[in-house]
Amino acid sequence: MGEIKFYLEKPTAVKIRIRNQYGRVVEIIDRELPGGEHSVLWTPKSASLGNVFRYEIEVEGRETESGIMTARVNTNEKPN
């Protein structure tokens, strides 16, 4: 699981794109969030995606922040 932390000055729509090591978008998180500090936890859906990811945070249609995170599939989960 990886964590993305960021701060918003006011309530707004936020889009977070998560890319694998090859630059392919593996997930898009699109939410309306209140102002203040935020932490988004993310877990890859498959170990085949790797464990190093780039994230891009878009606020009001503009990329405002980007970074690198490590995340791994949670192997402690029990199958359904």
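Please treat every number below as a calculation from the coordinates, not as lab data. What you see is a predicted model, and the numbers here were worked out from it, not measured in a lab. Note that we place each Cβ from the backbone using ideal geometry, even for glycine, and neighbour counts take in every protein chain shown.
Assorted remarks:
- Rg in Å to one decimal, and Dmax rounded to a whole Å, for the stretch 2-70 via C-alpha atoms: 12.0, 37
- Of the GluC sites (Glu not before Pro) in the stretch 1-42, those whose Cβ has at most 15 other Cβ within 10 Å and which sit in DSSP loop: Glu9
- Per-residue extension of 0.36 nm, minus the Cα-Cα distance of Arg72 and Glu32, leaves a gain of 11.8 nm for this segment.
- Once backbone amide H atoms are built at 1.01 Å from N, Glu65 has Ile57 as its partners under 5 Å, excluding neighbours fewer than 5 places away on the same chain.
- Partners of Lys15 within straight-line reach, counting aspartates and glutamates whose Cα lies under 14 Å from its Cα and excluding those fewer than 8 residues away in the same chain: Glu27, Asp30, Glu32, Glu56, Glu58, Glu60, Glu63, Glu65.
- Distant-in-sequence amide contacts of Arg72, defined by a placed amide H-H separation under 5 Å and a gap of 5 or more residues or a different chain, comprise Gly2.
- For the options Pro44, Pro11, Pro34, a Gaussian network treatment of the chain with springs between C-alpha atoms closer than 10 Å singles out Pro11 as fluctuating the most.
- Here's how it looks for Val26: its modeled amide H is under 5 Å from those of Ile18, Arg19, Asn20, which are all 5 or more places away or on a different chain.
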